[in-house]
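Input: a single structure, listed below in structure tokens.
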Amino acid sequence: MKKIISNKITLTILGIILFFFLWWLISVCVGNGNRIFPNPWDTIVYSANLLTSSYIYLCIGYSFMRMIIGFAVASVLGIILGAFVGNYKKTKYVFNPTMVALKAIPTAAVVYLFMVVIGAANAPIFIVMLITFPLVYEATVSGFTHIPDTVLNSLKLDQTSTIRNNVYVKFPMALPYIALGLVSSFALSFKIEIMAEVISGSTTYGIGSAIRIAQQDNPANMLPVFGYSLIAIVFILIISLILSLLKKKNSLSDD
């Protein structure tokens, strides 16, 4: 076990080294200093300086809060509708066109629509909901669809209430699929939140807003954009690592 863990850690470190090497190589090839593609060292130093300011923590906090709101609402709606469709499988054909449309709608176009309807400050929340909802819905439907027929037949013979069957039997059996859907869409939601903040032009706190403002203040210097982006990447990686550990703990890993 220790050998396997050691190997995974070693490979992860090598992967990080390779990532920064490729980053440095591209920076050297592109040239022009920080005007186009800043090198890793300058970006790390700039990001470290940002972390000494309270502004960056406010940006992370507000972005994360808006993402959580959108993600939570989308998850609840996706699980409820997914459970309904999972119980009445023919209704899947009714909702399929809508789900395909939701996944195909260009995110940038929807941002502008929400900006007009609800304002730039709240638009990212609804964008996260729009992107996350179909993913959670499909994961829930998949979970209910994979419940063995023997279990479903037993529930019919028991003649207990539908609500009780769903709460105590079907939902727990579908939970691994639902959890995987939630885990896979959580980090994506944060990236969508940041992108929506950049496009919407919101003046409130947020990583995306900070990136946009930095670029507007000095378009010839990409270092602030890379600095804020690096912090966002590290934050997402930390979240992904925590969720991965929770997934393994609950035997939800694909390994």
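Looking at residue 174, is it aliphatic (A, V, I, L, M), assigned to a helix (DSSP H, G or I) and in contact with a Ser or Thr (Cβ under 6 Å, 6 or more places away or on another chain)? Quick ask: steps written out before the conclusion?
On the way: aliphatic (A, V, I, L, M): yes; assigned to a helix (DSSP H, G or I): yes; in contact with a Ser or Thr (Cβ under 6 Å, 6 or more places away or on another chain): no.
For residue 174, the condition - aliphatic (A, V, I, L, M), assigned to a helix (DSSP H, G or I) and in contact with a Ser or Thr (Cβ under 6 Å, 6 or more places away or on another chain) - is not met.
Which residues, taken from region 151-188, are in contact (Cβ under 8 Å) with a residue 60 or more places away in the chain and more than 25 Å from residue 135 (Cβ to Cβ)?
162 - this is the single residue of region 151-188 that is in contact (Cβ under 8 Å) with a residue 60 or more places away in the chain and more than 25 Å from residue 135 (Cβ to Cβ).
Can you name the condition, by its number, that residue 191 falls short on among (1) surrounded by fewer than 22 Cβ atoms within 10 Å (Cβ to Cβ); (2) closer than 30 Å to residue 47 by Cβ; (3) in contact (Cβ under 8 Å) with a residue 60 or more places away in the chain; (4) not hydrophobic (A, V, I, L, M, F, W, C)?
With respect to (1) surrounded by fewer than 22 Cβ atoms within 10 Å (Cβ to Cβ); (2) closer than 30 Å to residue 47 by Cβ; (3) in contact (Cβ under 8 Å) with a residue 60 or more places away in the chain; (4) not hydrophobic (A, V, I, L, M, F, W, C), residue 191 is out only on (3).
Suppose we keep only residues that are among the β-branched types (Val, Ile, Thr), farther than 19 Å from residue 146 by Cβ and touching a helix residue (DSSP H, G or I) at 6+ places or on another chain (Cβ under 6 Å) within region 62-105. Which one would you say is most open to solvent (accessible area, probe 1.4 Å)?
So the residue we want is 69.
Filter region 16-60 down to the residues that are surrounded by 11 or more Cβ atoms within 10 Å (Cβ to Cβ) and among the small types (Gly, Ala, Ser), then identify the one that is farthest from residue 237 (Cα to Cα).
33
State the number of residues belonging to region 209-236 that are charged (D, E, K, R) and either within 25 Å of the chain's Cα centre (by Cα) or crowded, with 16+ Cβ neighbours inside 10 Å (or both).
Going through region 209-236 one residue at a time, the tally reaches 1.
Would you be able to say whether some residue in region 133-150 is part of a loop (DSSP other than H, G, I, E, B), in contact with a helix residue (DSSP H, G or I) (Cβ under 6 Å, 6 or more places away or on another chain) and either surrounded by fewer than 22 Cβ atoms within 10 Å (Cβ to Cβ) or of a type outside the set (A, V, I, L, M, F, W, C) (or both)?
Yes, that holds for at least one residue.
The values are calculated or read from the model by the stated rules, or taken from the named source; none is laboratory data. Computed from a predicted model, the values in this text were never measured in an experiment. Neighbour counts are summed over all protein chains in view; Cβ atoms, including those assigned to glycine, are modelled from backbone coordinates with ideal geometry. We work out accessible area using only protein heavy atoms, side chains counted, and drop any ligands, DNA or RNA first. Shrake-Rupley method; radii C 1.70, N 1.55, O 1.52, S 1.80 Å.
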